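*Asks:* Please see the structure below; I have some questions.
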Amino acid sequence: MRPLPALLLCSLLLSGCQLLQPAPLKTQRLAWEHVPAGCQGEDCPLVNIDTLRFPEQPQLDALIERQLLEMTADAPDAPLPPSLASYERNFLAEARPGWASYLQAKIRDQHDGLLVLELSSYLFTGGAHGMPGRRFINYDRELEKPLSLGDMLLPGQEEAFWKLAEQAHRRWLKATGNDNPEYLATWPFTRTPNIALTRQAVLLKYDVYTLAPYSSGHPELSIPYAQLQGVLRPEYFPRS
């Protein structure tokens, strides 16, 4: 039997890899903006919600709603509203002119059986500016659960991961022109729970006032997968 030409063999192998990729999850966008009944004008308080529904994954819908509700908390011990609808109702009932609340869930990436969601919030209740927030959900479709950092890493590799994150921070400082002792003394490296397993790299996103002043927004660090050999579990390396 004659061997397959190299080009054809590569094509077949690539096709096989593509077949291993599960089909993207079906999604429905749910978006609305409401103000108090009868209110007119630019100063009306508002709630703007732009989220997703996954008809085949109801447990994922519940997870997204809970995390969005957690992002509305204005104190560590604040009770969670039972639903987005009740949150909206209570916020508009108590809001003063100009107050606003924005909540969003969007797909950041989808690959290799992983769904990466980015959740955003913005709450303005007076003052110079509002407070934005960010979160990631790395949802393993096979396990049907969100991944913690411990789920992503090989046993005993958490400190090694954070050393790589510190290296990414140094690269970010250099790229932004802030690679100096004075800046680092004011804005030292810190850890973040917001980690995303995207197709291109592992991303770490930071809230305002963590690595930089408010005007810098949400800093984002990047760790190439090539640096994560022996640190990240093999099943979470992108296959394509």
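*Asks:* Leaving out ligands, DNA and RNA, and with a 1.4 Å probe, what % of the accessible surface on the range 201-240 is carbon or sulfur?
*Replies:* 53 percent
*Asks:* Taking Cα pairs under 8 Å and at least six residues apart, what relative contact order does the chain come out at, in percent?
*Replies:* Taking the mean separation of contacting Cα pairs over the length of the chain, I get 15 percent.
*Asks:* Pick the calculated Rg and Dmax of the Cα atoms in Å for this structure from (1) 19.3, 57; (2) 21.5, 80; (3) 18.4, 55?
*Replies:* (2)
*Asks:* Using only alpha carbons, build the gyration tensor for the range 145-240 and give me the equivalent ellipsoid semi-axes, biggest first, whole Å.
*Replies:* After scaling each eigenvalue by five and taking roots: 25, 13, 12 Å.
*Asks:* Continuing with this model, one more query. Please calculate how many Å² of accessible area the chain carries per residue, with a 1.4 Å probe and no DNA, RNA or ligand atoms counted.
*Replies:* 57 Å²
*Asks:* In debye, nearest 20, what is the charge dipole magnitude of the range 128-240 about its Cα centre with +1 on Lys and Arg Cβ and -1 on Asp and Glu Cβ, if you could check?
*Replies:* Taking the Cα centre of the range 128-240 as origin, the dipole is about 220 debye.
*Asks:* Hey, any idea what % of the range 94-196's accessible area is carbon plus sulfur with a 1.4 Å probe?
*Replies:* Within the range 94-196, the accessible surface is 51 percent carbon and sulfur.
*Asks:* Right, here's the next one. Of LEU119, LEU197, LEU153, which is the most mobile in a GNM of the chain whose springs link Cα atoms less than 10 angstrom apart?
*Replies:* Result: LEU153 has the largest fluctuation of those listed.
*Asks:* Amide H to amide H under 5 Å from LEU232: which residues, 5+ apart in sequence or cross-chain, H placed 1.01 Å off N in plane?
*Replies:* For LEU232, the qualifying residues are LEU154.
*Asks:* Using a 1.4 Å probe over the heavy atoms of the protein chains, calculate the carbon and sulfur portion of the accessible area of the range 39-88 as a whole percent.
*Replies:* 49 percent
The values are calculated or read from the model by the stated rules, or taken from the named source; none is laboratory data. As the structure is a prediction and not an experimental result, all values here were calculated from the model. In this analysis, Cβ positions are derived from the backbone assuming ideal geometry, glycine residues included, and neighbour counts consider all displayed protein chains. Only protein heavy atoms, including side chains, enter the accessible area calculation; ligands, DNA and RNA are left aside. Shrake-Rupley method; radii C 1.70, N 1.55, O 1.52, S 1.80 Å.
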